[in-house]
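Only one structure is covered here, and it is reproduced in the block below.
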Ligand code: HXC
């Protein structure tokens, strides 16, 4: 194996069972792939069964582990509870939940309908709570559980056209801290990853179309977009025994984007 995942031993997650919402595509498919590649059995959850079926087949073939796809909308607590039951029926337990299902689009606040704002809050924030809440009992029985919430860095500053997603992701980070405090005694760690701009994701297609992409990359200290595999590597670290005492923390993986001074027309020194 080469790339960021090569530093982990092959079976570091063997015996683990993970459920990954949003795992049919993009960043969360990459996390599901990495977990399976390193020994976990995985249930991926999203709204489209055909997308899940194709992804589950490919990830199973690549990893040699069992990857199943169960369609559920994270906005529907009954549907997500059913997906968790299916996972436990199939694999006997649940150790890890990755809350990655998200929705987003660019919209000026003055033109955004209340329902547009609510829709993104419902998917990102309520979906994270619904899934975590539904998984609590199973995770309490694990003895070594992790909830990993995927947020963003949008809300660290004001971000134009993103009031809905920024508010939702700020809420997700709050859920991370609060559940870490409440559920530590049940041996459930709760962590987050805040990805910066990541190449080849639906999010970047929606938020940085065409020529915006180049300008955005120039404003990143690392001078490039991140890769899905780099986010997956962070997710493996947080799931691994190396992070056994890490909880309530949101790990920013963004090439330095959110700590850089806004460019204000100034070029980086060469
Ligand atoms: C303004 C919009 C809109 C748009 C939808 N709405 N798209 N408003 N601009 N482009 C409004 C609708 O008008 C409607 O309000 C309300 O949102 C609900 O729309 P629906 O289409 O009925 O909702 P639904 O079918 O549930 O779809 C949810 C969705 C959709 C978020 C709107 O785009 C989706 O399903 N996306 C999933 C995939 C996705 O977004 N991936 C990118 C995630 S990236 P009214 O008032 O008309 O009823 C990401 C990264 C964040 O999350 C961080 C980046 C750095």
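Does any residue of the stretch 249-262 turn out to be within 17 Å of residue 35 (Cβ to Cβ) and either at pLDDT 95 or above or over 18 Å from the mean Cα position of the chain (by Cα) (or both)?
Yes.
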So residue 203 clears everything in (1) in a helix (DSSP H, G or I); (2) at pLDDT 95 or above; (3) under 22 Å from residue 232 (Cα atoms); (4) within 15 Å of the ligand (Cβ to nearest atom) except one condition, right? Which one?
-> (2)
Inside the stretch 83-105, can you point out the residues that are in a loop (DSSP other than H, G, I, E, B), more than 6 Å from the ligand (Cβ to nearest atom) and farther than 18 Å from residue 140 by Cβ?
-> 100, 101
Mind listing whichever residues of the stretch 137-154 are more than 18 Å from residue 101 (Cβ to Cβ) and either free of Cβ contacts under 8 Å to residues at least 24 places away in the same chain or surrounded by fewer than 19 Cβ atoms within 10 Å (Cβ to Cβ) (or both)?
-> 137, 140, 141, 142, 143, 144
When you look at residue 234, is it over 18 Å from residue 28 (Cα atoms), within 16 Å of the ligand (Cβ to nearest atom) and either in a helix (DSSP H, G or I) or more than 16 Å from the chain's Cα centre (by Cα) (or both), yes or no?
-> no
Residues in the stretch 185-226 that are closer than 30 Å to residue 142 by Cβ and either free of Cβ contacts under 8 Å to residues at least 40 places away in the same chain or over 16 Å from the mean Cα position of the chain (by Cα) (or both) total 5
Which of the helices (runs of 4 or more DSSP H) contained wholly in the stretch 106-197 include at least 2 residues that are away from the ligand (no atom under 16 Å from the Cβ) and closer than 25 Å to residue 225 by Cβ?
-> none
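One line per residue, one yes/no per condition, for (1) away from the ligand (no atom under 16 Å from the Cβ); (2) within 28 Å of residue 122 (Cα to Cα); (3) not in a loop (DSSP other than H, G, I, E, B):
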residue: 34; (1), (2), (3): yes, yes, yes
residue: 39; (1), (2), (3): yes, no, no
residue: 42; (1), (2), (3): yes, yes, yes
residue: 50; (1), (2), (3): no, yes, yes
residue: 56; (1), (2), (3): yes, yes, yes
residue: 60; (1), (2), (3): yes, no, yes
residue: 65; (1), (2), (3): yes, no, no
residue: 68; (1), (2), (3): yes, yes, yes
residue: 73; (1), (2), (3): no, yes, no
Among the residues of the stretch 167-190, how many are touching a strand residue (DSSP E or B) at 6+ places or on another chain (Cβ under 7 Å) and either buried (at least 19 other Cβ atoms within 10 Å of the Cβ) or within 24 Å of residue 154 (Cα to Cα) (or both)?
-> 10
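The values are calculated or read from the model by the stated rules, or taken from the named source; none is laboratory data. Just so you know, these numbers come straight off a predicted model, no measurement behind them. Ideal geometry is used to build each Cβ from the backbone, glycine not excepted, and the neighbour counts take in all protein chains shown.
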